[in-house]
Amino acid sequence: MAKNMNRRTFLKYQVKGGLWLTAAASGLSFPKNILADTGPDIAVAKGSPAAATRAAVEMLGGMKNFVKKGNKVVIKPNMSFDTPPERASNTHPEVVRELAVLCKEAGASRIMILDNPLRQPEVCLDISGIAAACKAIDDRMIQMITDSSLFQETPIPDSASMSKTDIMKDVLRADVLIAAPVAKSHSGAGVSLSMKGMMGLIYNRRVMHTLDLHTAIVDMASVLKADLSVIDATRVLSTGGPGGPGKVLKPDMVIASKDMVAADAYAVSSFEWYGKKYKPEQVRHIREAHERGLGRMDLENLKIKTVSV
Amino acid sequence: MRFRRVIQVITLGLFLLLLLLAFVSESPAAADIFLRLDPILVMITAVSARIFRPAFIPGLVVLLLAPVAGRIFCGYVCPMGTTLDGGDRIFGPVPRKQFRSETLRMVKYLVLIFLMGAAAGGISFVFAASPLSLVTRFYGLVLYPVLGFLSHRAVELLRPVADYLDIRSLAYAQIDVPKFATQFFVLSFFAAIFAMVRFSPRFWCRYLCPSGAILAIFSQKPIIRRRVSEDCTDCGKCVRKCPMNAIPGDSPGLTRSGECIICQTCKGVCPVSAVSFGIEKGLPRIPEPLITGISLSRRGFIYSGVAGAGTALVSLTGLNAPHDKAGEGQVAPPGLIRPPGARPEADFLSRCVRCGECMAACPTNTIQPLWLTAGFTGIFSPSLISRRGVCDPKCNRCGHICPTDAIRNLSKNERIWAKTGTAMIFRQKCLAWEYQKSCMVCDEVCPFNAIEFKREPGNPFAVPHVIEDKCGGCGYCEHFCPVNNQAAIVVTPMGEIRLAGGSYEKEGRGMGLRLQLKTGGYNLPPVEAGGSAPGFEE
């Protein structure tokens, strides 16, 4: 999360630590769902978009593990292209809706679904199917933000190439950030997953191409670190990404993790890209994120749990 | 008097409402109707472009109304007239002793004849003097952006309150503020016209307006006109108050009907109620000899006509003068991209009245008025500036709204084929080609799938190539190119399709083009055999 969220995160850890200490001192046993860390590092669910999303989040201890009562949540799907779900350049509308429902069930006070589109916003929302899917929950929670006055300049501490960026104010105010990308190839960044998808929350994306794109993505992800990543791999745009048209695989899979690097790494290794298999370290921004301690790509050392629903 | 103000406010309100609808609505109905009411605008366009369109009928109706009700259009309907009346109040006061000139009054006839002369030569200068073209440009290109800017600021100020009350329609309101070139030229012109109130009210309408001139010619003795009874005491109050100087100073009982805009100020100020407007009611009247108020010498007439035709000739022989056929030795302004569906250049310029409707209506603000880029005859004509905005291949608002069909109104499919130019890569500026960076923005945003990335020896990243026959010239690539100032990929007019009639698709297919939107089909790109997927490392 962004720098000005640090205090909140810090307090969260304090409380958590306090609980652990209390638990240890009193010798009390806790219900399993509070000891969330015993869950898998990466949860993979196969099934229809909504059911798989719910199942994947459940495996990580449920949405209440991420969203507390009264929390403000921002969900960042891909909805930047005016293409229908079967083209796999946008997140599946049912994945987005299910995440919003889960947040609502967990007691979120405010859920915002945000992106900064490349095409006409209304058309993207319409053709992607996301507006229609989420309308029943709250038709005001989806916002396509392009106006510079809705962004705020944010420094990136310990940056390697991009020292500051303008982030949507809504994101800076949020307690929880959920990355909800579709799994797709990207001709510039190799893949566009949780980390790359965060480019939809900043104002000046252009400048990242003038820098080193991969390094700039890691810089950006260091201030836009998702609390939960849910990768929609119900369809995967294996070639021609990010916009397509391209070859669409149908693994019917949803990948969830609280480590955005691990989620991305798992998605890279699970599917064919342009007809070939790749290792996570072959995507440089994933490798650099791992090296800089943003998350882990060493899948062999991570606990991965798969279910079918 | 009060009745007239009400009508004026209503018509100006309607004019502004239609303009506002043109800004915000996708297919505004009759947004251009006021422009087509302007007699000079339709007449000059008909002559310069050698066309007659049913859309021109409103202007002719106004003209034919003149023998019946005089210059009622000027007094009650014309948004320029109403704006100037408002301006007179703001920038007044009108001097006690008005400036009156019989000579200057002839200027509007000279302007009219000049425009006719030029139009006969096929060149339209109507944009310089048509009141509706002028006033539409003023509201659309100068005041609309100011309004947008202020609204944007207002939203910013209210946003904290909206956030607190969770009024999201306001909290997330994003107002696009349009920006236009040349607005200072338009503003200066209007500043000058407004300043003239220091000499006399309605200075423009009295002395300069060619629409006023043609209406004056047609309203020499209209059926509904000013009449004065024998009660008149020759006090001369009406003479002093008439905003159009339509009452001769030595005989207040008479009227220069061609100058009278039926405002009825004289009726209101007459101490003995001797003035009436209407048809003959059998009252004793002062005899009315016809006073035309037109004392144009034959010499003046001929000179201005010849000057107009001469200016047309000089324009036609200028270096930048548009040719009928593209070819060797033709000098066209580099980078001049006309809106999609714009007719061939000469035809286009003879029709375009530079009202700025297309620019104000363009949702991406890419259509900008030119100053001298396209030569003297191209002043205020529209051009696409891709750096400012993209030209959405699904949008044809400019063609829909154009009052003279200078930009053609196209069907959805035809619009896609109305190619405005072709993208060209400046490799030395390109991040991928020159700086060896991972950039593929042009490919990502291209709606036509007209960018292809290929490997180059020695470059770790693939580099962009334009597939020319797939490129529609929409400017998405140029607009989004991350290179500062001038982009590394630029749309040039090469390959643009400009048709005076017939199908763009047929023409495009005949040229071997393969224009198709990405959103439409599933034309899968070939999977790269061997090597690695783009963006991955070995």
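The values are calculated or read from the model by the stated rules, or taken from the named source; none is laboratory data. Note that the structure is predicted; figures quoted are calculated from it, not measured. In this analysis, Cβ positions are derived from the backbone assuming ideal geometry, glycine residues included, and neighbour counts consider all displayed protein chains.
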**Asked** Can you pull out the helices (runs of 4 or more DSSP H) entirely within region B:75-187 that have at least 3 residues that are more than 17 Å from the chain's Cα centre (by Cα) and exposed (fewer than 15 other Cβ atoms within 10 Å of the Cβ)?
**Response** B:79-91, B:144-165
**Item:** Matching entry among B:P460, B:P493 (being touching a Leu at 6+ places or on another chain (Cβ under 7 Å) and either away from chain A (no Cβ under 13 Å) or at pLDDT below 95 (or both))
**Value:** B:P493
**Within region A:211-234, considering residues that are small (G, A, S) and away from chain B (no Cβ under 14 Å), the one surrounded by the most Cβ atoms within 10 Å (Cβ to Cβ)** = A:S229
**Complete:** Every listed condition ((1) more than 21 Å from A:R97 (Cα to Cα); (2) within 14 Å of chain B (Cβ to nearest Cβ); (3) of a type in the set (D, E, K, R)) holds for A:D259 save (2)
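For region B:246-275, give me the residue count where each residue is β-branched (V, I, T) and over 16 Å from B:K221 (Cα atoms).
Filtering region B:246-275 for residues β-branched (V, I, T) gives B:247, B:255, B:261-262, B:265, B:269, B:272, B:275.
Okay, now just the ones that are also over 16 Å from B:K221 (Cα atoms), so B:265, B:269, B:272, B:275.
Of the residues in that region, 4 qualify.
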**Request:** Scan (1) in contact (Cβ under 8 Å) with a residue 60 or more places away in the chain; (2) out of contact with any helix residue (DSSP H, G or I) (no Cβ under 7 Å at 6 or more places or on another chain); (3) crowded, with 16+ Cβ neighbours inside 10 Å; (4) in a loop (DSSP other than H, G, I, E, B) for the single condition B:K221 breaks and write down its number.
**Result:** (3)
**Asked** Can you tell me how many residues in region A:283-307 are at the interface with chain B (Cβ under 10 Å from one of its Cβ atoms) and crowded, with 20+ Cβ neighbours inside 10 Å?
**Response** 3
**Asked** What strands (runs of 3 or more DSSP E) lie completely within region B:417-522 and have 2 or more residues being farther than 22 Å from B:R338 by Cβ?
**Response** B:451-454, B:463-466
**Complete:** Every listed condition ((1) within 30 Å of B:A192 (Cα to Cα); (2) β-branched (V, I, T); (3) free of Cβ contacts under 8 Å to residues at least 40 places away in the same chain) holds for B:V111 save (3)
**Request:** Could you please give the count of residues in region B:463-484 that are facing another protein chain (nearest Cβ under 10 Å) and aliphatic (A, V, I, L, M)?
**Result:** 1
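Residues that are loosely packed, with under 13 Cβ neighbours inside 10 Å and touching a helix residue (DSSP H, G or I) at 6+ places or on another chain (Cβ under 7 Å): which helices (runs of 4 or more DSSP H) entirely in region B:1-73 hold 3 or more of them?
Passing ranges: none, list empty.
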**Item:** Looking only at region A:179-192, and only at residues there that are away from every other protein chain (no Cβ under 14 Å), of a type in the set (A, V, I, L, M, F, W, C) and in contact with a helix residue (DSSP H, G or I) (Cβ under 6 Å, 6 or more places away or on another chain), the one that is nearest to A:E94 (Cα to Cα)
**Value:** A:A180
**Request:** Residues being in contact with a Phe, Trp or Tyr (Cβ under 8 Å, 6 or more places away or on another chain) and of a type in the set (S, T, Y): count how many of those fall in region A:151-192.
**Result:** 3
**Candidate set: region B:450-477, residues that are among the charged types (D, E, K, R) and farther than 20 Å from B:N396 by Cα; chosen: the one surrounded by the fewest Cβ atoms within 10 Å (Cβ to Cβ)** = B:K454
**Item:** Selection status of B:A246, within 33 Å of the chain's Cα centre (by Cα) and assigned to a helix (DSSP H, G or I)
**Value:** no
**Request:** Mind telling me which of the residues B:V390, B:V445, B:V441 ends up being under 23 Å from B:R354 (Cα atoms), in contact with a helix residue (DSSP H, G or I) (Cβ under 6 Å, 6 or more places away or on another chain) and within 11 Å of chain A (Cβ to nearest Cβ)?
**Result:** B:V390
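Take the conditions out of contact with any Pro (no Cβ under 9 Å at 6 or more places or on another chain), more than 9 Å from chain B (Cβ to nearest Cβ) and over 21 Å from A:L99 (Cα atoms) and apply them to A:A265. Does it pass?
It is false that A:A265 is out of contact with any Pro (no Cβ under 9 Å at 6 or more places or on another chain), more than 9 Å from chain B (Cβ to nearest Cβ) and over 21 Å from A:L99 (Cα atoms).
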**Hits in region B:323-344 - residues which are at pLDDT 95 or above and not charged (D, E, K, R)** = B:I337, B:P339, B:P340, B:G341, B:A342
**Residue satisfying all of: in region B:412-439; touching a strand residue (DSSP E or B) at 6+ places or on another chain (Cβ under 6 Å) and surrounded by 23 or more Cβ atoms within 10 Å (Cβ to Cβ); farthest from B:G472 (Cα to Cα) among these** = B:A432
**Message:** Within region B:257-306, take every residue that is among the aliphatic types (A, V, I, L, M) and at pLDDT below 90 and give me the one that is farthest from the chain's Cα centre (by Cα).
**Reply:** B:L283
